[in-house]
Amino acid sequence: MTPTRRRILLLLPALAQVPASMFAASAPRAAADQGARASSPSADRKGRAITERYVIVNADDFGESPGVNRGVIEAHERGIVTSASLLLDQPETDAAVALARQTPSLSLGLHVNLDGVGAELTGQERFEVQRRALERQFNAFTALTGSHPTHLDSHHHVHRQLNVARLFLELSSRYGIPLRGFSDVFYVGRFYGQRGPAKTEPTQISAEFLIGLLGKIKRGFTEIGCHPGYQDAASDSYNWEREQELRALTDPRAKAALTTLGIRLASYRDYRAVTGLVPTGVGAVLDCQARIVR
């Protein structure tokens, strides 16, 4: 049995706990890299298939450093970023939340960080520790922002790991919050400037490359992940690449390409409004009225 088939089979029990009408299994990363959509697009709130093309441009690592915070806001105000994922427990997390309050048009999700959590443990003990960490970060996000996140994803894509995926699926199902790679928002992760440690790929974060990705978008909702920012001492190993991403995301040609291609720029709030996805948990959720940027 191939590793890919084994992973799918092991994930089936987790996926079985999630309503099929709400979430679909994610396509493999290879499919995302090819810009192929493995399943039919989502339906709107009236059950009609979505025939238009929507793109969500989501910035990860919001809150990591002053340079990242500045870059995310600039990429939203001057460029095509529509959503951001907040990284908690960072020195600049509170500053990011303050900036988000001043920028209500930016859809704010949770970028869960489980790096190293439970690493010294094995089996069920490890996953119980990770479950508590996930719940704590979700509750902390709600306390800091006054609302539930509009979407969920994770640092270094740990939510795609076997067993860990189930923790995220349970949380996203409980609150009706889309989880990256497990909803009918098709995720594209190719806009990234590294291929492993010390292997930079600057051509993959150019404006030309970004426009090429936009040209491959199919009908329904697509998320393009990104990491804009400015270099600073607090940033991680992905540093100067953030500035190049920022230049591409704010390049006027990117917005012009969206218009030419007839693609509608959207946020995760717009996804909720179009599909009628309603949160099931208790608590305030930011305005779900559609604000589609043409």
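Some observations on this one:
- Couplings for segment 144-154, taken from phi via the Karplus curve 6.51 cos²θ - 1.76 cosθ + 1.60 with θ = phi - 60°, read 6, 9, x, 8, 6, x, 6, 7, 10, 8, 8 Hz in order; Gly and Pro are left as x.
- Cα-Cα pairs of segment 128-234 separated by more than 25 Å (percent): 36 percent
- Ordering of 60-69, 163-172, 113-122 by packing [mean C-beta count within 10 Å, highest first]: 60-69, 163-172, 113-122
- Mean projection area, nm², convex hull over Cα of segment 96-164: 4.9 nm²
- Close amide H contacts of Arg53 (hydrogens built in the peptide plane, cut-off under 5 Å, sequence separation of 5 or more or a different chain): Gly220, Arg264.
- Taking all Cα-Cα distances within segment 46-142, those exceeding 18 Å account for 54%.
- Semi-axis lengths, Å, segment 40-275, gyration tensor of Cα atoms, sqrt of 5 times eigenvalues: 26, 22, 17
Any read-out appearing in this document is the output of simple, stated calculations on the displayed coordinates, not a laboratory observation. Note that the structure is a prediction, hence the values are computed from the model and not measured. Every residue, glycine as well, gets a Cβ built from its backbone with ideal geometry; the counts of neighbours run over all protein chains shown.
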